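Student: The following block contains the structure, expressed as structure tokens.
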Amino acid sequence: MSVAGTLLSSSAVAYSFARLSWPGRDLFFKLLLATMMVPGAVTLMPQFLIFRNLGWVDTLKPLWVPAFFAGAFNVFLLRQFFASIPEELSDAARVDGASEWGILTKVVVPLAKPAIAAVALFSFLGAWNDFFGPLLYLIENQDLWTIAIGLNEFKGLHHVEANLQMAASVMFMIPAIILFFSAQKVFIEGVTLTGVKG
């Protein structure tokens, strides 16, 4: 859900900043980039209180709902790539009667697969390796523990047996390694081409 939310929200917001003209667009983009300078510790307590008041503690919602509100880094990455796609393609789609949503989903997104793959990989690895979020929101509900928390608990049970700890750590890393190597070409292309016009 985190990956899906990140891709959906970041693509839509990045398209708005890259392709649409609206009053205050550049100012809002600068404000969005400025949020990258706010440390996560500053928003930690208010965010926890909001989720607690919504009754979402001990559920998975605090781990994936924020992904549906686009993050500044992903928006910046996708915006730069979307801006490099020729505007003539969007104009041709408009002449054919496509809406802005249709242009995004049928023209821009297929051409931006490298950048979208990079964002998807960053999002997956961030969610997969997240320890603090699940520890904060899921610690009372063992049925929902993520692998990161489970690995830490396993380490506590087998603190002397290094061979078991290493085996568990390798099993924890295998999905991320497989995903990276299976999408390595697209991932590297997305990182190297993002922001390059021409």
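The values are calculated or read from the model by the stated rules, or taken from the named source; none is laboratory data. Because the structure is predicted, anything quoted here is derived from the model rather than measured. Positions of Cβ are backbone-derived with ideal geometry, glycine not excepted, and every protein chain shown enters the neighbour counts. Quick note on the areas: whole protein, heavy atoms, side chains included, nothing else; ligands and nucleic acids left out. Shrake-Rupley method; radii C 1.70, N 1.55, O 1.52, S 1.80 Å.
Student: Tell me the relative contact order for the chain as a rounded percent, counting alpha carbon contacts under 8 Å between residues six or more apart.
Tutor: Value for the chain: 31 percent.
Student: Under a 10 Å cutoff between Cα atoms, tell me which one of PHE131, PHE122, PHE154 has the largest fluctuation in the Gaussian network model of the chain.
Tutor: PHE154
Student: Grab the beta carbon distance between LEU31 and ASP130, set R0 = 35 Å, and tell me the FRET efficiency rounded to 0.05.
Tutor: 0.85
Student: Relative to a virtual label point 7 Å from the Cα of TRP64 in the Cα→beta-carbon direction, which members of segment 7-22 show backbone nitrogen distances below 20 Å?
Tutor: 7-12
Student: Please report the carbon-and-sulfur percent of the accessible area for the chain; probe 1.4 Å, protein heavy atoms only, DNA, RNA and ligands left out.
Tutor: 69
Student: How far is helix 25-34 tilted off the main Cα axis of the chain, in degrees rounded to 10, range 0 to 90?
Tutor: Result, in degrees: 20.
Student: Right, next: Given a 1.4 angstrom probe, what's the average accessible area per residue across segment 88-179, in square angstrom?
Tutor: Value for segment 88-179: 61 Å² per residue.
Student: Which value at 222 nm does the chain reach when only helices count, each DSSP H run of 4 or more adding -39,500 (n - 2.57), with the total divided by all residues and rounded to the nearest 500 deg cm²/dmol?
Tutor: -21500 deg cm²/dmol
Student: Where does helix 2-19 land angle-wise versus the long Cα axis of the chain, in degrees 0 to 90, nearest 10?
Tutor: 20
Student: Arrange the residues PHE28, PHE172 by how much accessible surface each exposes, largest first, with a 1.4 angstrom probe.
Tutor: PHE28, PHE172
Student: Right, something else. What is the pair-distance distribution P(r) of the chain, computed from all Cα-Cα distances in 5 Å bins starting at 0, with each bin given as a whole percent?
Tutor: Answer for the chain: a P(r) of 1, 7, 12, 15, 16, 14, 12, 10, 6, 4, 2, 1, 0, 0 percent.
Student: Karplus couplings for segment 103-114 from phi (6.51 cos²θ - 1.76 cosθ + 1.60, θ = phi - 60°), rounded to Hz, Gly and Pro as x?
Tutor: Going residue by residue, I get 5, 4, 7, 9, 10, 6, 4, x, 7, 9, 4, x Hz, with x marking Gly and Pro.
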